[in-house]
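Just below is one structure, and these are the notes that go with it.
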(Lines give C-alpha, C1' and ligand atoms only; values in the text may rest on other atoms or scores of the structure.)
Protein backbone atom coordinates (compact mmCIF):
# COMPACT_ATOMS: atom_id res chain seq x y z
CA UNK A 1 0.00 0.00 0.00
CA UNK A 2 1.51 3.34 -1.04
CA UNK A 3 1.92 6.33 1.26
CA UNK A 4 -0.95 8.26 -0.39
CA UNK A 5 -3.49 5.52 0.42
CA UNK A 6 -2.12 5.20 3.95
CA UNK A 7 -2.46 8.96 4.39
CA UNK A 8 -6.08 8.90 3.20
CA UNK A 9 -6.96 6.06 5.57
CA UNK A 10 -5.28 7.90 8.44
CA UNK A 11 -7.20 11.10 7.71
CA UNK A 12 -10.48 9.18 7.64
CA UNK A 13 -9.69 7.75 11.09
CA UNK A 14 -8.88 11.24 12.37
CA UNK A 15 -12.24 12.55 11.11
CA UNK A 16 -14.10 9.64 12.73
CA UNK A 17 -12.20 10.20 15.98
CA UNK A 18 -13.11 13.90 15.99
CA UNK A 19 -16.76 12.96 15.44
CA UNK A 20 -16.70 10.74 18.53
CA UNK A 21 -14.97 13.51 20.50
CA UNK A 22 -17.64 16.05 19.57
CA UNK A 23 -20.38 13.59 20.50
CA UNK A 24 -18.74 12.97 23.89
CA UNK A 25 -18.64 16.68 24.71
CA UNK A 26 -22.21 17.31 23.51
CA UNK A 27 -23.79 14.49 25.53
CA UNK A 28 -21.79 15.22 28.72
CA UNK A 29 -24.15 16.08 31.59
CA UNK A 30 -22.51 19.18 33.02
CA UNK A 31 -23.39 22.85 33.33
CA UNK A 32 -21.08 24.39 30.71
CA UNK A 33 -21.52 27.79 32.39
CA UNK A 34 -19.15 26.57 35.09
CA UNK A 35 -16.44 26.16 32.46
CA UNK A 36 -16.91 29.66 31.03
CA UNK A 37 -15.90 31.64 34.10
CA UNK A 38 -12.94 34.05 34.05
CA UNK A 39 -10.93 31.56 36.08
CA UNK A 40 -11.94 28.22 34.59
CA UNK A 41 -11.78 29.03 30.87
CA UNK A 42 -8.20 30.41 30.79
CA UNK A 43 -7.07 27.57 33.05
CA UNK A 44 -8.63 25.02 30.71
CA UNK A 45 -6.89 26.62 27.70
CA UNK A 46 -3.47 26.74 29.38
CA UNK A 47 -3.75 23.16 30.63
CA UNK A 48 -4.72 21.99 27.14
CA UNK A 49 -1.53 23.53 25.73
CA UNK A 50 0.56 22.02 28.52
CA UNK A 51 -1.09 18.64 27.95
CA UNK A 52 -0.21 18.90 24.27
CA UNK A 53 3.43 19.39 25.30
CA UNK A 54 3.09 16.25 27.41
CA UNK A 55 1.80 14.27 24.43
CA UNK A 56 4.74 15.48 22.35
CA UNK A 57 7.06 14.38 25.17
CA UNK A 58 5.52 10.92 25.15
CA UNK A 59 6.01 10.83 21.38
CA UNK A 60 9.65 11.76 21.82
CA UNK A 61 10.17 8.98 24.36
CA UNK A 62 8.49 6.47 22.05
CA UNK A 63 10.94 7.56 19.37
CA UNK A 64 13.78 6.81 21.77
CA UNK A 65 12.39 3.34 22.50
CA UNK A 66 11.96 2.66 18.80
CA UNK A 67 15.56 3.69 18.19
CA UNK A 68 16.69 1.12 20.76
CA UNK A 69 14.82 -1.72 19.07
CA UNK A 70 15.76 -0.61 15.56
CA UNK A 71 19.41 -0.43 16.49
CA UNK A 72 20.09 2.84 14.70
CA UNK A 73 18.69 6.32 14.12
CA UNK A 74 15.04 6.67 13.09
CA UNK A 75 13.30 9.58 11.32
CA UNK A 76 12.40 11.43 14.53
CA UNK A 77 10.01 14.00 13.09
CA UNK A 78 8.14 11.42 11.06
CA UNK A 79 7.80 9.06 14.02
CA UNK A 80 6.57 11.86 16.31
CA UNK A 81 4.07 12.99 13.68
CA UNK A 82 2.64 9.50 13.20
CA UNK A 83 2.54 8.96 16.97
CA UNK A 84 0.51 12.14 17.54
CA UNK A 85 -1.78 11.42 14.61
CA UNK A 86 -2.39 7.84 15.76
CA UNK A 87 -3.01 9.12 19.29
CA UNK A 88 -6.24 10.69 18.02
CA UNK A 89 -7.48 7.23 17.01
CA UNK A 90 -7.87 6.21 20.66
CA UNK A 91 -11.24 7.97 20.69
CA UNK A 92 -12.61 5.37 18.28
CA UNK A 93 -14.53 2.47 19.87
CA UNK A 94 -12.23 -0.41 20.64
CA UNK A 95 -9.39 1.45 22.36
CA UNK A 96 -6.73 -0.18 20.14
CA UNK A 97 -6.65 1.89 16.95
CA UNK A 98 -4.01 4.31 18.27
CA UNK A 99 -1.64 1.36 18.62
CA UNK A 100 -2.51 -0.09 15.24
CA UNK A 101 -2.01 3.31 13.61
CA UNK A 102 1.65 3.34 14.63
CA UNK A 103 2.34 0.62 12.08
CA UNK A 104 2.28 3.41 9.52
CA UNK A 105 5.84 4.04 10.73
CA UNK A 106 6.88 0.66 9.37
CA UNK A 107 4.92 1.19 6.15
CA UNK A 108 6.70 4.47 5.38
CA UNK A 109 10.20 3.63 6.58
CA UNK A 110 12.60 0.72 6.63
CA UNK A 111 11.73 -0.04 10.24
CA UNK A 112 10.26 -3.50 10.82
CA UNK A 113 6.72 -3.96 12.13
CA UNK A 114 8.10 -6.13 14.93
CA UNK A 115 10.32 -3.26 16.07
CA UNK A 116 7.38 -0.85 16.19
CA UNK A 117 5.36 -3.44 18.13
CA UNK A 118 8.25 -4.04 20.54
CA UNK A 119 8.56 -0.30 21.24
CA UNK A 120 4.79 -0.08 21.79
CA UNK A 121 4.69 -3.07 24.15
CA UNK A 122 7.61 -1.64 26.13
CA UNK A 123 5.85 1.72 26.39
CA UNK A 124 2.74 -0.05 27.69
CA UNK A 125 4.81 -1.80 30.37
CA UNK A 126 6.30 1.50 31.55
CA UNK A 127 2.90 3.20 31.53
CA UNK A 128 1.18 0.39 33.44
CA UNK A 129 3.90 0.33 36.09
CA UNK A 130 3.49 4.08 36.60
CA UNK A 131 -0.28 3.64 36.74
CA UNK A 132 0.03 1.07 39.53
CA UNK A 133 2.98 2.55 41.44
CA UNK A 134 1.67 6.10 41.86
CA UNK A 135 -1.71 5.16 43.41
CA UNK A 136 -0.06 2.51 45.62
CA UNK A 137 2.43 5.03 47.03
CA UNK A 138 0.37 8.22 47.15
CA UNK A 139 -3.12 7.02 47.97
CA UNK A 140 -2.07 4.59 50.69
CA UNK A 141 -4.68 4.02 53.37
CA UNK A 142 -7.34 5.91 51.39
CA UNK A 143 -7.21 3.23 48.69
CA UNK A 144 -7.34 0.49 51.33
CA UNK A 145 -10.37 2.06 52.98
CA UNK A 146 -12.01 2.41 49.58
CA UNK A 147 -11.45 -1.28 48.82
CA UNK A 148 -12.77 -2.32 52.24
CA UNK A 149 -15.87 -0.18 51.72
CA UNK A 150 -16.70 -2.29 48.68
CA UNK A 151 -16.55 0.49 46.11
CA UNK A 152 -14.42 -1.60 43.74
CA UNK A 153 -16.81 -3.09 41.26
CA UNK A 154 -16.66 -6.81 40.55
CA UNK A 155 -16.45 -6.00 36.85
CA UNK A 156 -13.04 -4.34 37.26
CA UNK A 157 -11.63 -7.38 39.09
CA UNK A 158 -13.01 -9.62 36.36
CA UNK A 159 -11.43 -7.40 33.68
CA UNK A 160 -7.98 -7.75 35.28
CA UNK A 161 -8.35 -11.52 35.58
CA UNK A 162 -9.60 -11.87 32.01
CA UNK A 163 -6.77 -9.74 30.62
CA UNK A 164 -4.22 -11.79 32.54
CA UNK A 165 -5.67 -15.08 31.30
CA UNK A 166 -5.87 -13.79 27.72
CA UNK A 167 -2.23 -12.66 27.87
CA UNK A 168 -1.13 -16.14 28.96
CA UNK A 169 -3.31 -17.83 26.32
CA UNK A 170 -2.01 -15.49 23.61
CA UNK A 171 1.59 -16.24 24.55
CA UNK A 172 0.94 -20.00 24.46
CA UNK A 173 -0.90 -19.80 21.12
CA UNK A 174 1.84 -17.71 19.53
CA UNK A 175 4.46 -20.12 20.82
CA UNK A 176 2.58 -23.09 19.35
CA UNK A 177 1.85 -21.46 15.99
CA UNK A 178 5.16 -19.76 15.33
CA UNK A 179 7.36 -22.04 17.42
CA UNK A 180 11.00 -21.17 17.04
CA UNK A 181 10.26 -17.83 15.35
CA UNK A 182 8.26 -16.69 18.35
CA UNK A 183 10.98 -17.79 20.76
CA UNK A 184 13.56 -15.98 18.65
CA UNK A 185 11.41 -12.83 18.71
CA UNK A 186 11.16 -13.00 22.52
CA UNK A 187 14.89 -13.58 22.76
CA UNK A 188 15.59 -10.56 20.56
CA UNK A 189 13.17 -8.45 22.59
CA UNK A 190 14.98 -9.41 25.79
CA UNK A 191 18.39 -8.62 24.29
CA UNK A 192 17.16 -5.23 23.04
CA UNK A 193 15.85 -4.37 26.49
CA UNK A 194 19.13 -5.53 27.99
CA UNK A 195 20.92 -3.26 25.53
CA UNK A 196 19.09 -0.26 27.01
CA UNK A 197 20.80 -0.93 30.30
CA UNK A 198 19.48 -0.74 33.85
CA UNK A 199 20.20 2.96 34.32
CA UNK A 200 18.36 3.91 31.11
CA UNK A 201 15.38 1.74 32.04
CA UNK A 202 15.18 3.44 35.45
CA UNK A 203 15.47 6.87 33.80
CA UNK A 204 12.72 6.04 31.30
CA UNK A 205 10.47 4.73 34.05
CA UNK A 206 11.15 7.90 36.01
CA UNK A 207 10.04 9.88 32.96
CA UNK A 208 6.65 8.10 32.85
CA UNK A 209 6.22 8.38 36.62
CA UNK A 210 7.00 12.08 36.51
CA UNK A 211 4.64 12.94 33.68
CA UNK A 212 1.81 10.94 35.24
CA UNK A 213 2.35 12.88 38.46
CA UNK A 214 2.26 16.14 36.51
CA UNK A 215 -0.99 15.02 34.89
CA UNK A 216 -2.48 14.60 38.36
CA UNK A 217 -1.31 18.09 39.29
CA UNK A 218 -3.06 19.42 36.17
CA UNK A 219 -6.29 17.82 37.39
CA UNK A 220 -5.98 19.49 40.79
CA UNK A 221 -5.33 22.88 39.13
CA UNK A 222 -8.51 22.41 37.09
CA UNK A 223 -10.36 21.48 40.28
CA UNK A 224 -9.26 24.68 42.02
CA UNK A 225 -10.17 26.83 39.01
CA UNK A 226 -13.76 25.56 39.28
CA UNK A 227 -14.02 26.51 42.95
CA UNK A 228 -13.01 23.19 44.48
CA UNK A 229 -10.79 23.06 47.55
CA UNK A 230 -8.49 20.43 49.00
CA UNK A 231 -6.60 20.36 52.27
CA UNK A 232 -2.87 19.79 51.91
CA UNK A 233 -3.31 16.27 53.31
CA UNK A 234 -5.47 15.31 50.32
CA UNK A 235 -3.31 16.67 47.48
CA UNK A 236 -1.07 13.62 47.01
CA UNK A 237 -3.89 11.08 47.60
CA UNK A 238 -6.01 12.83 44.96
CA UNK A 239 -3.11 12.61 42.48
CA UNK A 240 -3.00 8.90 43.26
CA UNK A 241 -6.77 8.59 42.85
CA UNK A 242 -6.61 10.39 39.53
CA UNK A 243 -3.87 8.05 38.30
CA UNK A 244 -5.89 5.06 39.46
CA UNK A 245 -8.96 6.25 37.55
CA UNK A 246 -6.76 6.66 34.47
CA UNK A 247 -5.45 3.09 34.94
CA UNK A 248 -8.97 1.66 35.14
CA UNK A 249 -9.93 3.42 31.90
CA UNK A 250 -6.67 2.31 30.28
CA UNK A 251 -7.19 -1.41 30.92
CA UNK A 252 -10.94 -1.48 30.28
CA UNK A 253 -11.48 -3.23 26.92
CA UNK A 254 -13.43 -1.24 24.36
CA UNK A 255 -13.49 2.01 26.35
CA UNK A 256 -12.43 4.66 23.84
CA UNK A 257 -9.60 6.54 25.61
CA UNK A 258 -11.26 5.43 28.85
CA UNK A 259 -14.30 7.60 28.05
CA UNK A 260 -16.88 7.38 30.81
CA UNK A 261 -14.92 4.84 32.84
CA UNK A 262 -12.35 7.28 34.23
CA UNK A 263 -15.02 9.87 34.95
CA UNK A 264 -17.18 7.42 36.91
CA UNK A 265 -14.24 6.12 38.94
CA UNK A 266 -12.94 9.61 39.74
CA UNK A 267 -16.39 10.83 40.72
CA UNK A 268 -16.80 7.85 43.06
CA UNK A 269 -13.35 8.37 44.62
CA UNK A 270 -13.80 12.08 45.28
CA UNK A 271 -17.29 11.82 46.72
CA UNK A 272 -17.18 13.21 50.24
CA UNK A 273 -13.88 15.00 49.62
CA UNK A 274 -15.18 17.62 47.19
CA UNK A 275 -18.74 18.71 46.38
CA UNK A 276 -20.43 16.47 43.82
CA UNK A 277 -21.18 19.29 41.35
CA UNK A 278 -17.53 20.41 41.45
CA UNK A 279 -16.32 16.83 40.98
CA UNK A 280 -18.50 16.24 37.92
CA UNK A 281 -17.57 19.60 36.40
CA UNK A 282 -13.86 18.93 36.99
CA UNK A 283 -13.77 15.44 35.47
CA UNK A 284 -15.63 16.68 32.40
CA UNK A 285 -13.48 19.80 32.13
CA UNK A 286 -10.31 17.74 32.38
CA UNK A 287 -11.59 15.38 29.72
CA UNK A 288 -11.97 18.43 27.47
CA UNK A 289 -8.40 19.45 28.40
CA UNK A 290 -7.02 16.07 27.31
CA UNK A 291 -9.06 16.02 24.11
CA UNK A 292 -7.92 19.52 23.13
CA UNK A 293 -4.35 18.64 24.12
CA UNK A 294 -4.36 15.57 21.88
CA UNK A 295 -5.71 17.65 18.99
CA UNK A 296 -3.21 20.49 19.58
CA UNK A 297 -0.30 18.02 19.57
CA UNK A 298 -1.55 16.55 16.29
CA UNK A 299 -1.98 19.99 14.73
CA UNK A 300 1.51 21.06 15.82
CA UNK A 301 3.03 18.13 13.95
CA UNK A 302 0.95 18.95 10.90
CA UNK A 303 1.83 22.65 10.89
CA UNK A 304 5.56 21.99 11.20
CA UNK A 305 7.94 19.97 9.10
CA UNK A 306 7.06 16.96 11.25
CA UNK A 307 3.90 16.45 9.21
CA UNK A 308 5.36 16.67 5.74
CA UNK A 309 5.20 12.92 5.15
CA UNK A 310 1.86 12.06 6.69
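The values are calculated or read from the model by the stated rules, or taken from the named source; none is laboratory data. This structure is a prediction, so every number in the text was calculated from the model and none was measured. Heads up, the Cβs are rebuilt from the backbone with ideal geometry, glycines too, and the neighbour counts pull from every protein chain shown.
Among the residues that make up the range 185-202, is at least one of them at pLDDT 75 or above, out of contact with any strand residue (DSSP E or B) (no Cβ under 9 Å at 6 or more places or on another chain) and closer than 22 Å to residue 244 by Cα?
Yes - at least one qualifying residue is present in the range 185-202.
Mind checking whether some residue in the range 11-28 is under 14 Å from residue 301 (Cβ atoms), assigned to a helix (DSSP H, G or I) and at pLDDT below 85?
yes
Please give the number of the condition residue 50 fails out of (1) under 20 Å from residue 209 (Cα atoms); (2) at pLDDT below 90.
(2)
Looking at 289, 261, can you tell me which residue is crowded, with 19+ Cβ neighbours inside 10 Å and either at pLDDT below 80 or touching a strand residue (DSSP E or B) at 6+ places or on another chain (Cβ under 6 Å) (or both)?
261
Could we say that residue 64 is surrounded by fewer than 23 Cβ atoms within 10 Å (Cβ to Cβ) and within 19 Å of residue 208 (Cα to Cα) here?
Yes.
Taking residue 105, is it part of a helix (DSSP H, G or I), modelled with pLDDT of 85 or more and surrounded by 21 or more Cβ atoms within 10 Å (Cβ to Cβ)?
yes
Within the range 113-132, identify whether any single residue is outside any helix (DSSP H, G or I), modelled with pLDDT under 85 and over 24 Å from residue 237 (Cα atoms), and answer yes or no.
No - not one qualifying residue is present in the range 113-132.
Hey, can you tell me all the residues within the range 79-99 that are farther than 18 Å from residue 60 by Cα and assigned to a helix (DSSP H, G or I)?
89, 90, 91, 97
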